[in-house]
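Asks: Please find one structure pasted underneath; my questions will follow.
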Amino acid sequence: GYFMDLLELQQQLRIDGDVTIPKRVSVTPWSEVEQTPKKKYKWSTVLDNNYTIDLENSKAVKSLVDIDWSTIKGFKRSEGGSEGVFFVEVDSGIVVLKASRGVISSELFSSFTALLLGLFAPTVRVITVYNDGKLTKEAKELYDGMKEKDTHGFTEVLFELPHLVLKEFVLGRAMNKLDYFSMREYFGSEIDLSENGRNILLDFGRVIALDVLLNNSDRLPLIWDNQGNSGNLMLGIIIYHKYQLIYRKV
């Protein structure tokens with residue numbers, strides 16, 4: 001028997017007013033729910049382009065609002081990730097552009113949940129691509145700016161989608177890129193874990209709990225049958241000793 005006592009839940013949430021709620025509701029166990037595997041999109045065009053960005057020495061745009069897309073210098077697709085993202089460089093800095101092929105609400109929910117829980121995650125904003133069958137004003141400006149610098153047909157593929165997601169560019173080091181010496185900088189020696197290293201590991205525990213809650217399998221191979229992607233967990237520049245989360249999917 002899998003049951004949820006909704007009256008008890010109502011009392012716990014202190015819901016006021018007369019609400020008619022069935023006393024018990026049957027809940028089907030997740031393991032018995034038929035799962036439909038999500039089909040991953042694969043770019044049909046060449047994944048490498050001629051534009052290069054020094055991500056380790058770049059700066060993020062100050063705000064995701066009112067970006068001047070006419071100043072696009074170029075863009076580069078990420079090397080990894082389930083579907084990848086694009087790093088777009090404008091005069092004011094770098095912004096991350098992601099093609100949203102799934103349910104966009106899950107992408108936003110995961111980021112906002114992390115922020116509400118006090119975890120460091122990139123801020124996000126959604127660009128509506130079409131309105132009444134036509135490109136919106138911002139989408140048209142972004143399309144024109146990218147099209148001018150595009151050498152592999154990425155732009156046409158991106159703008160087939162109804163929405164695009166903008167994300168704050170995270171300046172830091174991806175976990176899968178850390179070498180022995182940088183690991184010592186962050187965590188201390190093999191026999192003497194630093195205070196900063198302890199704090200980072202405690203935060204990792206919070207990230208693990210969040211990923212289990214959100215069913216985010218694209219970071220650490222915990223309860224899922226995959227290798228994960230530690231590139232979705234980044235450590236900030238050593239001055240700040242912070243970490244950042246990058247969400248690919250839920």
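Asks: For region 108-131 and region 189-224, what is the separation of their C-alpha centers, rounded to whole Å?
Replies: 21
Asks: Using the structure shown, select from 62/134; 59/134; 98/134; 149/177 the pairs with a Cα to Cα distance greater than 26 angstrom.
Replies: From 62/134; 59/134; 98/134; 149/177, over 26 Å: 62/134; 59/134; 149/177.
Asks: Taking a 1.4 Å probe, which of 183, 146 shows the most accessible area, and what order do the others take after it?
Replies: Ranked from most to least accessible, the order is 183, 146.
Asks: So, by mean Cβ neighbours within 10 angstrom, what's the order for 124-134, 205-215, 87-97 with the highest one leading?
Replies: Highest-to-lowest ranking by the protection proxy: 87-97, 205-215, 124-134.
Asks: At a 1.4 Å probe, what is the % contribution of carbon and sulfur to the accessible area of region 143-236?
Replies: It is 53 percent, rounded to a whole number.
Asks: A follow-up question, please. Report residue 163's accessible area, 1.4 Å probe, all protein chains in place, as a number in Å² to the nearest 10.
Replies: We get 60 Å² for residue 163.
The values are calculated or read from the model by the stated rules, or taken from the named source; none is laboratory data. Keep in mind that what you see is a predicted model, and the values were worked out from it rather than measured. Here the Cβ is made from the backbone with ideal geometry for all residues, glycine too, and neighbour counts use every protein chain on show. Remember, those area values only see protein heavy atoms, side chains included, never the ligands or the DNA or RNA. Shrake-Rupley method; radii C 1.70, N 1.55, O 1.52, S 1.80 Å.
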